[in-house]
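Values in this text are rule-based calculations from the coordinates and carry no lab data. Please read these numbers as outputs of a predicted model, since none were measured by experiment. We place every Cβ from the backbone using ideal geometry, glycine too, and count neighbours over all the protein chains shown.
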Amino acid sequence: MGAANKDHLLGKLDLLVLRVLACGDSMHGYSIAERIEQLSENVFQVGEGSLYPALHRMDEAGWIRSQWAASENNRRARYYRITAAGRRQLDVEEREWLRAAEAIANVLRMA
Amino acid sequence: MGVLRRFINVWRSDRLQRDLDDELEFHREMGARKALDQGLGGEEARQETKRRMGNLSLTKEQMRDARVIGWLASSVQDLRHGFVLLRRDAGVSTLILLVLALGIGGNAAIFTLVKAAFLDPLPYREAGRLVTIMEPNGFLPSTYDFVELKTRTRTLEQMAFAQHVDMQLNGTDEPARIIAARVTASFFPLLGVNPTLGRTFGDEENGPGRAPAVILTDGFWRARMGADPSVIGRTLRLDGQSATVVGVLPEGFHFDYPTLGIAEPVDVYVPYPLDPVIPPHSSINGMGTPVRVIGRMREGATLAQVESDVRNIAHVLSYGHPEAFPNPQNDPSLFYFTALPLRDAIVGTQRSLLWLLIGGVGVLLLIACANTAQLLLARSLRRAREVAIRSALGASRLRLIRQFLLEGFVLAACGGTAGLLAAGWISHAIVRLLPSRSPLLASAHLDVRVIAFTLGLSMISALVFAILPAMKGSRWTPGPSLSARVTTVEGNRWRNAMIAIEAALSVFLLCAAGLVTQNLWTLISTPMGFEPNHVLAMRLTLPSRKQNFPDPTAGLIFQEYLEKVQAIPGVESAATVTGPPLRATRGGCPNMLIGVTDSAGVPKSICALQHQISSDYFRTLGIPLLAGRTFGRGDVGNKITVVIVNEEFARRFGLGADIVGKQIDDPDGPITIVGLIGNVRTSGLRVSPFPEKYFSLMQLSQPNVYLVVRSALSPGQLLNQVKMAIGSSNSDQAVFGVMTMDEMVADSAMEPRFDVFLAGAFALLAVAMAAAGMYSVISYLVSQRSNELAIRLALGATRSAIVRSVLGNTAAWVAAGLACGVGLALATNNVIRSLSNAAVQGTPWMYVSVVLFFFLVTIVSAYVPMRRVSQLDPAVALRCE
């Protein structure tokens, strides 16, 4: 897997994570992954190996904020919440993705 | 914010690690729970989660990388690695640290002293504008000079003087001798000192007819007055007169630097009784009262302007009063004033001491760096495999160099910290060892500047000693470096170069030490011109308003004392003198020689030091009378009619052999030369002979003299007898400053002796380090080649051929280093001589013995490793293959 390809995937992961977080309250990594899998009807299997580095990177970038809190089963868990900057970033990425998807769809249709 | 957190995370990687672990563990647990819920068995669930978790360590590293500042984190890692290596190689590390701590600590200590001498503020207001004014040849100006300077100067805005005298104190517990400074009222305002209690002096207090006032120093107030807060208004009895305490000075104030000629700490200050009319006398003519003159330069005035200002004043004075300010042929070398920044005057002769120290510790640090570089080089090459593995795993050369440098910085930082801790102690030890009291250097203290200097120096040293091992050690070749057997001869040339440098530097220090030793030897082995054995000297002072001024009654009083002392059984002879050998004395220049003219036919003007002696002086000190006679009972009266001069006087003024009978023209009439005596070392050991003239005590006398007594009695016994004899004549007469002439001689050699001690200590330390360096290099060379040598031995090479092949290269390098060191010493010969005040030239013998000594050290340090070579058993060595 080349570096460019990986970046592309990660970019998509960022978008999905931000989108999932944008719908509501803070979530921990596991439930984020679960939610993405659920919403994509198990098309995307989100591996921890890419999810957590992405979460930490976005946290440092200021798109999301993390906080330690007790989980539903009373374990210490890190919860992530989207920030205003994150929402702006989501907007940008979402628009870019939709444009790209549309363009690809157009190409597929027309060719 | 984010940067700050990432910065903090660098330093708490444990906590960061724990958080990451927790987060991933939570994820795993959740996964396992879900797998259970989906009906998978425990083992299956674990397998499933494990499969899904993938390569966790890589994930964690990526997470951590997002959370820290990358380059900093890797540097910290390298530093940790450095510490681990230090601990692993504890022996070598301790050695390096000790050497560095010594080198850096020594430099930090000397910097502390240099800072105290040149940078730290003096305890006076705007001390940079303070100057002191001098007459030629280091004579202090007279009170008359002071008044003239003060009224005529255009560049000094304020002037003051101080004169330091012994006084007898009564009225506290017991009679005591104290040191008083007699000052003008302007003294304290000029220095910007405000008393903690009471007031300073008013101008009118320098005039006549005022009740005497006294200001106490803080030390005196605490020691003698019990720090009494209501001390103002109390009276003390000083020299039999009541004086009212009017002020107490602040604790930090002092003006008693031995370099300014103030041998002992001052106890009290009193106003100087200035006469309304002062007769015109300079102190170089021997008649004026010498005082320490200080002045404050006007805002914006330069030292050069002050200098030309005071020189002009000197010209005006010597034209107005040619008899008192000798300058008959307008010869500016005979009389002038010179202005010296007060700080320069205070540092004085200690400047050369500081230079010696700076040079010594600087060279020591260089040697320490060379040694450290060598040890690190050996270690970095031993780590060739580690380097190769790290390179193979993707570490760049730059990263490797950085790692080596960081290890160097760790060493330097530890060494520097240890050095800093030692610095305060070392500088105090040096100050305590100093041959004379030095309030300036004693005020040395560690501060931020010293810390900054030490850290900076440590980092620079680290660069100096770590760069070579880093460059050499980070280089690797894929094949051989990874194989188990590392037989690198990499860096041997550098290793040899390093010991060549060490040899050069330590030989350089040895030469410098040799030079000061030779100087000391010359100083003490050159004849003194007198016999110091069995002579006791002590000081006598008559209570007098003007202590350094002619007093016609003094001669009679001292003559009476002398008769009593000479009557003591066991006393061979006794005499008084104003300045005994080796002690500072007074000038005397106003006269011309009758019968001896210069090329223009004008009588020669003369300038000579003058003494006032009693008739038995030459016999008492064993100074040879070469022609004529000494003073007799007939040489009395209120006028000087006879004089005895020394050989140098005769030589300098071209008087030839028939000197006796020639005359000196004096305003009061001609003075006849009646005797010629040998040269005596006059002002300290290091001064070459100066023209001198001796007057009779019965024609010119001062209330302040030395009594010298030659006797076979023990000094203690003699002193008691002398005190009793003088007491029988005047029970109030204090006798103080007692010293044998032998002690005086030893005393005057103290400074050059201390120089020898210091230079010798530096040189020996340097040689020890160089020897250690040579030992370790030669050992390394031997162990490196032991297999090869064993094979050669097995093939029949002779042991001497082996020794030659191992040592040949190194010996050549050491010889080159020796040559460079001697060359350096010869090239800087004049600098070293002027810095150490050495009057001698280094003899070829000195240089030859230095080289031989170092050669011997080389042989000794090569002996052990070479013995190992010759004991090499080919069979054992080859079995290791």
Cα centroid of segment A:41-82 to Cα centroid of segment B:237-292, whole Å: 84 Å
Karplus 3J(HN,Hα) series, Hz, for segment A:20-30 with 6.51 cos²θ - 1.76 cosθ + 1.60 (x for Gly, Pro): 4, 5, 5, 6, x, 6, 6, 9, 8, x, 4
Radius of gyration, Dmax [segment A:3-110; alpha carbons; angstrom]: 14.8, 54
For B:Asn646, residues with placed amide H under 5 Å, excluding near neighbours: B:Ile677, B:Glu692
Within 10 Å of each Cβ in A:46-59, the average number of Cβ atoms from other chains: 6
Share of alpha-carbon pairs per 20 Å distance bin for chain B, given as whole %: 12, 32, 27, 18, 9, 2, 0
Residues whose placed amide H lies under 5 Å from that of B:Gly579, excluding near-sequence neighbours: B:Gln612
Computed E for B:Glu126/B:Ala442 - FRET, C-beta separation, R0 22 angstrom, nearest 0.05: 0.45
Counted charge near B:Arg390, where neighbours are those whose Cβ lies closer than 13 Å (Asp, Glu -1; Lys, Arg +1): +4
C-alpha center-to-center spacing [segment B:658-721, segment B:180-221] in angstrom: 37 Å
Given charges at Cβ of Lys, Arg, Asp, Glu: segment B:136-336 dipole, positive-most of B:Gly192, B:His254, B:Gln163: B:Gly192
Gain in span if fully extended, B:Arg399 to B:Leu463, counting 0.36 nm per residue against the direct Cα distance: 21.5 nm
Two-site label geometry, A:Arg99 and B:Phe118: point separation in nm, points 7 Å out along Cα→Cβ: 6.7 nm
Within a Gaussian network of chain A (alpha carbon springs, distance under 10 Å), most fluctuating of A:Asp25, A:Asp14, A:Asp91: A:Asp25
Set of aspartates and glutamates near B:Lys604 by C-alpha distance (under 16 Å), chain-local residues within fewer than 8 positions excluded: B:Glu323, B:Asp331, B:Glu648, B:Asp665, B:Asp666, B:Glu692
Residue-span extension gain [B:Glu531 to B:Gln733] - 0.36 nm each, minus C-alpha spacing: 69.9 nm
Long pairs among B:Lys639/B:Lys662; B:Lys34/B:Lys60; B:Lys60/B:Lys472; B:Lys639/B:Lys693; A:Lys12/B:Lys60, criterion Cα-Cα beyond 26 Å: B:Lys60/B:Lys472
Using a Förster distance of 25 Å, the FRET efficiency for B:Glu157-B:Val602 (Cβ separation, nearest 0.05): 0.05
Förster radius 51 Å - calculated FRET efficiency between B:Arg493 and A:Gln67, Cβ distance, rounded to 0.05: 0.25
Kyte-Doolittle mean at least -0.5 and Cα axial length at least 15 Å: DSSP H helices in chain B: B:70-88, B:90-114, B:303-320, B:350-382, B:397-433, B:448-473, B:492-525, B:552-566, B:715-729, B:750-784, B:799-827, B:844-870
Cβ-defined net charge surrounding B:Ile467, 13 Å radius [Lys, Arg +1; Asp, Glu -1]: +1
Extension reserve of the B:Thr94-B:Arg385 stretch, reckoned as 0.36 nm per residue once the Cα distance is removed: 102.4 nm
Inter-probe distance in nm under a simple model that places probes 7 Å from Cα toward Cβ, at B:Thr828 and B:Asp747: 3.5 nm
Virtual spin-label span in nm between B:Asn720 and B:Leu72, 7 Å along Cα→Cβ: 7.8 nm
Cβ-defined net charge surrounding B:Leu95, 13 Å radius [Lys, Arg +1; Asp, Glu -1]: 0
